Amino acid sequence: MTDQLAAPDQARKTYTRSQLALRNGQDRDEIWVAYQGAIYDVTRSRLWQRGNHYEHWAGQDLTQELDKDAPHLATVFDKFQIIGTLKN
């Protein structure tokens with residue numbers, strides 16, 4: 001993760017799964033996904049514009065799905081800003 005995209009840990013807000021679920025591109029304009037505890041803003045990605053990317057849906061923790069069968073590495077998130085942390 002590049003430093004200019006990551007908010008300092010102390011500045012990151014913590015969000016619940018319910019709050020994340022609202023950022024699905026349909027209930028609100030924001031399109032967020034969580035991966036390994038970090039919440040990424042993917043709103044500007046053309047691949048997420050409808051709130052989904054292939055069989056993956058925004059507003060969810062994608063850790064298990066992506067670790068299981070993603071055709072790319074976790075570095076795919078390096079271009080997106082971390083805007084918060086997912087509360088367990």
Quiz item: In region 44-76, how many are farther than 17 Å from residue 23 by Cβ and in contact (Cβ under 8 Å) with a residue 24 or more places away in the chain?
Solution: 2
Self-check item: Residue ID - surrounded by the fewest Cβ atoms within 10 Å (Cβ to Cβ), chosen from residues in region 37-58 that are touching a Leu at 6+ places or on another chain (Cβ under 9 Å) and closer than 14 Å to residue 82 by Cα
Solution: 37
Quiz prompt | residue 52 vs. criteria of a type in the set (S, T, N, Q) and modelled with pLDDT of 90 or more | solution = no
Quiz item: Do you know which residues across region 1-27 are touching a Gly at 6+ places or on another chain (Cβ under 9 Å), part of a loop (DSSP other than H, G, I, E, B) and either modelled with pLDDT under 95 or surrounded by 16 or more Cβ atoms within 10 Å (Cβ to Cβ) (or both)?
Solution: 7, 12, 23, 25, 26, 27
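The values are calculated or read from the model by the stated rules, or taken from the named source; none is laboratory data. From a predicted model like this one, the values you see are computed outputs, not experimental measurements. Using ideal geometry, Cβ is built from the backbone for each residue, glycine included, and neighbour counts are taken over all protein chains shown.
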